[in-house]
């Protein structure tokens, strides 16, 4: 149904979004998970330190640090834009790897913040 003025269209779009809010959220989450899985296919599906292959525990790691700064400065703070650039091939992946959340935290503490000491984390899939 064509609208004679843009305000009517905006009003009806807003009503539709309110009415279909739950379905919109479900679709956005599904698309987000699919995009993240594509990125993991490209960068790696296992933690390079411990071999963890549990997808919800995996993170894309900037090997030299600066991931947050890159997202803020280049991708306007959007992880989705960052992921899309990886999938589209406009963002190279030679400085990225995959780490589990634990090893990514250890990487930040030991290598980027130069915290002294030794940390050991072991992935045991049998206990899941």
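Each reported figure results from applying straightforward, stated rules to the coordinates on display, with no laboratory input. Computed from a predicted structure; not experimentally measured. Note that each Cβ is placed from the backbone with ideal geometry, even for glycine, and that neighbours are counted across all protein chains shown.
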* **Fluctuation leader among 38, 101, 114 - the chain, Gaussian network, Cα springs under 10 angstrom** => 114
* C-alpha long axis of helix 6-19 to longest principal axis of the chain, angle in ° -> 60
* To do: Translational diffusion coefficient, Stokes-Einstein: compute it for segment 8-79 using the Kirkwood radius over C-alpha pairs as Rh, at 37 °C and 0.692 mPa s, and state it as an integer in µm² s⁻¹.
  => 217
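Relative contact order for segment 7-127 using alpha-carbon pairs under 8 Å, separation at least 6, rounded to a whole percent? Provide the component values of the computation, followed by the final result.
Details: 101 pairs, mean separation 35.2, N = 121.
Value for segment 7-127: 29 percent.
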* To do: Quick one: among 61, 53, 20, which has the greatest mean-square fluctuation in a GNM of the chain with alpha-carbon springs under 10 angstrom?
  => 20
* Structure fact -> Connecting every pair of Cα atoms under 10 Å apart in the chain and solving the GNM, the largest mean-square fluctuation among 21, 62, 107 falls on 21
* Each label point is 7 Å from the Cα along the Cα-to-Cβ direction; what then is the distance between the points at residue 26 and residue 41, in nm? -> 2.4
* Structure fact -> In degrees rounded to 10, the 0-90 angle between helix 21-43 Cα long axis and the longest Cα principal axis of the chain is 40
* Structure fact -> Most exposed to least, judged by fewest other Cβ atoms within 10 Å, 99, 35 sort to 35, 99
* Global geometry of segment 7-127, whether rounded, prolate or oblate, following the gyration tensor of its Cα atoms and the 1.5 cut on a/c -> prolate
* Please work out the C-alpha center-to-center distance from segment 57-121 to segment 5-21 and express it in whole Å. => 38
* Expressed as an acute angle from 0 to 90° and rounded to the nearest 10, what is the orientation of the C-alpha long axis of helix 79-88 relative to the principal long axis of the chain? -> 80
